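One structure below.
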Amino acid sequence: MAIGEKKITKRELDAQETKNNVFITAIKLFSEYGFETVTVDDITKRAGVSKGTFYTHFTSKDSVLLEQYNKIEERYMEAFKNFHPDTPASERLRVLVATMCEYCSNVCGVNVMKVVYMNQIGLGDKERIINENYTRTPHELLEQIVELGFSSGEFKVKSDCDTLVEYLTRFMRSLIYDWCLFGGERDLEKMGQEFFDLIIKWLKMPQ
């Protein structure tokens with residue numbers, strides 16, 4: 001063990017295992033019966049834990065979904081932290097989309113993303129708590145990318161910054177939705193690369 005590295009105790013390992021068990025159980029139930037139908041009691045009964053144990057690790061059903069997906073923010077920041085200042089906006093956009101697709105496909109998985117989207121659709125006019133959380137960092141990064149693309153002259157599309165950010169956000173969201181529709185059978189990373197190569201050509205096209 002390296003100097004200063006904290007050793008994980010058995011108690012901490014057991015707690016993490018319990019948390020993972022609750023999370024996996026909840027996702028399976030959400031997929032089978034729908035997010036709104038499943039209760040915390042259903043989750044704890046299937047997972048074989050008490051309600052107290054559930055609330056030790058999660059504050060609500062929403063937080064179960066957010067637990068895994070919100071970690072994507074760490075991936076985004078890791079991917080962007082080593083960019084050279086001269087890295088063009090188009091390359092930053094490619095990395096943003098690639099990071100999203102890789103994380104949704106390989107970390108979250110199609111079942112988690114299906115539940116997230118079904119939950120969002122089912123909310124109707126209610127406050128979209130999950131949506132607001134998992135789009136926060138991508139939205140901020142998109143704003144930076146678009147501002148750079150316009151200021152450097154790389155993006156030539158006739159649009160204002162806010163409108164273009166909204167369009168790109170919809171494009172990214174549609175990739176995940178389409179992937180979910182086909183049950184994750186399609187290669188999300190390949191889809192993202194091919195689609196956004198076309199988007200970038202459009203952004204650079206003289207108007």
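The values are calculated or read from the model by the stated rules, or taken from the named source; none is laboratory data. All of these numbers come straight from a predicted model, not from anything done at the bench. Backbone-built Cβ (ideal geometry, glycine too); neighbour counts: all protein chains shown.
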| request: Could you figure out which of (1) at pLDDT 85 or above; (2) surrounded by fewer than 17 Cβ atoms within 10 Å (Cβ to Cβ); (3) in contact with a helix residue (DSSP H, G or I) (Cβ under 8 Å, 6 or more places away or on another chain); (4) under 30 Å from LEU142 (Cβ atoms) isn't true of VAL40? | output: (4)
| field | Residue that is modelled with the lowest pLDDT [pool: residues in region 21-37 that are touching a Lys or Arg at 6+ places or on another chain (Cβ under 8 Å) and either in the same structural domain as GLY109 (by TED's automatic domain parsing) or among the small types (Gly, Ala, Ser) (or both)] | value | SER31
| field | Qualifying positions in region 119-160 - of a type in the set (Gly, Ala, Ser), modelled with pLDDT of 85 or more and in a helix (DSSP H, G or I) | value | GLY149, SER151, SER152
| Every residue from region 177-204 that is of a type in the set (Gly, Ala, Ser) and within 16 Å of GLU91 (Cβ to Cβ) | GLY192
| query | In this structure, is GLU166 assigned by TED's automatic domain parsing to the domain that holds THR87, free of Cβ contacts under 8 Å to residues at least 12 places away in the same chain and among the acidic types (Asp, Glu)? | reply | yes
| request: Tell me, please, whether a residue that is β-branched (Val, Ile, Thr), surrounded by fewer than 16 Cβ atoms within 10 Å (Cβ to Cβ) and out of contact with any Cys (no Cβ under 6 Å at 6 or more places or on another chain) can be found in region 72-93. | output: yes
| Based on what the data block shows, is PHE195 surrounded by 15 or more Cβ atoms within 10 Å (Cβ to Cβ), touching a Lys or Arg at 6+ places or on another chain (Cβ under 8 Å) and either among the aromatic types (Phe, Trp, Tyr) or without any contact (Cβ under 8 Å) to a residue 60 or more places away in the chain (or both)? | no
| request: Kindly list the number of the only condition in (1) over 30 Å from LEU142 (Cβ atoms); (2) in the same structural domain as ILE145 (by TED's automatic domain parsing) that fails for ILE72. | output: (1)
| request: Look at ASP14 and say whether it is over 24 Å from MET100 (Cβ atoms) and either surrounded by fewer than 16 Cβ atoms within 10 Å (Cβ to Cβ) or touching a His at 6+ places or on another chain (Cβ under 8 Å) (or both). | output: yes
| Do we have any residue at all in region 187-199 that's β-branched (Val, Ile, Thr), within 18 Å of PHE80 (Cβ to Cβ) and either in a helix (DSSP H, G or I) or assigned by TED's automatic domain parsing to the domain that holds PRO88 (or both)? | no
